[in-house]
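Down below is the structure, laid out as structure tokens.
The values are calculated or read from the model by the stated rules, or taken from the named source; none is laboratory data. Predicted, not measured: the structure shown is a model, and the values here were computed from it. Cβ placement follows ideal geometry from the backbone for every residue including glycine, while neighbour counts extend to all protein chains displayed.
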């Protein structure tokens, strides 16, 4: 009986640990179809050029 209580207590601790607040704010209300995350950083000219070169090779086959 002691083993069962120990296992149940351990399981309860594991379940409750998953409910702890991690400090990250979570949105309570979401607007459908609207991205509410952080804005993307713009690409530099070198990054754009490198991406264009990579995609140019993908179409040749």
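Summary of values
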read-out	value
Residue in segment 36-56 that is modelled with pLDDT under 90, assigned to a helix (DSSP H, G or I) and under 25 Å from the mean Cα position of the chain (by Cα) present	no
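For every residue, the table says whether it meets (1) surrounded by 10 or more Cβ atoms within 10 Å (Cβ to Cβ); (2) modelled with pLDDT of 75 or more.
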| residue | (1), (2) |
| --- | --- |
| 5 | no, yes |
| 12 | yes, no |
| 18 | no, no |
| 22 | no, no |
| 27 | no, no |
| 32 | no, yes |
| 59 | no, no |
